[in-house]
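Undergrad: Mind having a look at this structure? Questions to follow.
Every number here is computed from the coordinates shown, using simple stated rules; none is lab data. Note that this is a predicted model, so its numbers are computed, not measured. Here Cβ is always computed from backbone atoms with ideal geometry, including for glycine, and neighbour counts include all displayed protein chains.
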Amino acid sequence: MVREDEASTDPTLGAFLDYLHYERRLSPRTLSAYHRDLSEFLGWLAEHGHADCVRVDSQHVRSYAANRHRQGLSPKSLQRHLSAIRAWFRFLLREGRVKANPADGVRAPKAPRHLPHTLDADQLGHLMDLPGDAPLDRRDRAIMELFYSSGLRLSELVALEVIDMRSSDGLLQVTGKGNKTRRVPVGRFAREAVDQWLAVRGQLAAGTETALFVSQRGSRLSARAVEARLRQRAIEQGMPRHVHPHMLRHSFASHLLESSGDLRAVQELLGHADISTTQVYTHLDFQHLAQVYDQAHPRARRKG
């Protein structure tokens with residue numbers, strides 16, 4: 001197998017990554033994923049004697065996908081690989097280096113759709129009701145309230161600056177996937193929790209640190225640290241399942257959709273580029289309605 005660093009020397013891949021970085025302004029993490037997936041594809045092509053991208057056709061792409069599937073690559077990961085390949089050839093087509101996109105029409109096996117886990121309002125209230133008034137207690141309460149109040153992604157929360165909370169209109173501007181910004185509301189409980197944290201933040205934060213949430217060492221709190229703190233706090237509060245940041249985001253979306261029924265508004269608040277991503281929460285809502293129906297409708301109950 002050709003090593004990734006050898007495959008990544010392909011000049012067309014370098015040009016494509018520059019395009020993603022400078023024109024599309026994708027995050028370093030996303031760029032790394034594109035680089036890794038396409039390097040693997042280029043390595044496979046070279047190993048099978050198809051190093052010239054101009055000569056690659058749809059059968060080569062299908063063979064690659066089938067090979068990776070046999071090796072145990074999950075449908076979701078395979079979808080990501082094919083998406084990267086499709087985007088690369090789309091770029092080459094735009095640059096006039098190929099005449100067709102051989103990845104068009106090649107699809108990965110469908111991945112089973114798992115509904116996201118959520119917490120109900122009572123569980124969330126119990127989780128947020130953390131005892132203690134120490135700086136770390138205030139910080140952790142503010143983190144959880146902000147996740148649930150504004151539906152933030154983990155990466156969005158850890159990137160927040162103190163100055164971001166000083167908006168006069170009560171809205172918070174965050175930068176999401178693809179470097180796209182959106183403005184989201186901050187609820188009363190979250191605002192109060194953040195204000196209580198800001199009152200003691202100086203006891204932990206280094207003098208020049210601008211991050212909203214900091215660690216005991218005074219530097220910006222990492223995503224991994226936030227996950228660990230949330231998991232620990234949930235255990236301390238006796239929560240029945242593993243709680244992670246995305247569960248609070250899922251709960252925000254599910255509860256908002258259940259109350260409003262406005263799918264487009266929820267899409268905007270979550271920062272989803274495609275409404276089909278948001279539609280998973282309609283399945284959660286229908287699941288809840290089905291349970292209510294089964295429990296309440298006279299013709300749904302079985303005879304005792």
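Undergrad: What span do the alpha-carbon atoms of region 121-293 cover on each of the three principal axes, reported in whole Å from largest to smallest?
TA: Extents along the principal axes: 54, 37, 27 Å.
Undergrad: Now for a different question. Which listed residue (53, 19, 82) has the Cα farthest towards the positive end of the charge dipole for region 4-94, taking +1 on Lys and Arg C-beta and -1 on Asp and Glu C-beta about the Cα centre?
TA: Selected residue: 82.
Undergrad: Something else now. From the phi angles alone, apply the Karplus equation (6.51, -1.76, 1.60; θ = phi - 60°) to region 89-104 and give each ³J(HN,Hα) in whole Hz, x where the residue is Gly or Pro.
TA: Per residue, the Karplus-derived 3J(HN,Hα) values read 5, 5, 5, 5, 5, 5, 7, x, 8, 10, 9, 7, 9, x, 8, 4 Hz.
Undergrad: Can I ask one more? Show me, for region 24-39, the HN-Hα J-couplings you get by feeding each phi into the Karplus relation (A = 6.51, B = -1.76, C = 1.60, θ = phi - 60°), rounded to Hz, glycine and proline as x.
TA: So the Karplus estimates, Gly and Pro as x, are 7, 6, 6, 5, x, 5, 5, 4, 4, 5, 4, 4, 5, 5, 6, 5 Hz.
Undergrad: Of 162, 143, 117, which is farthest on the positive side of the dipole of region 106-169, counting Cα position, with +1 on Lys and Arg Cβ, -1 on Asp and Glu Cβ, and the Cα centre as origin?
TA: In region 106-169, that residue is 117.
Undergrad: How are the C-alpha pair distances of region 4-94 spread across 5 Å bins, as whole percents from the shortest bin up?
TA: Per 5 Å bin, starting at 0, the Cα pair percentages come out as 3, 13, 26, 28, 19, 10, 2, 0.
Undergrad: For an R0 of 35 angstrom, estimate the FRET efficiency from the Cβ-Cβ distance between residue 33 and residue 167 and round to the nearest 0.05.
TA: 0.60
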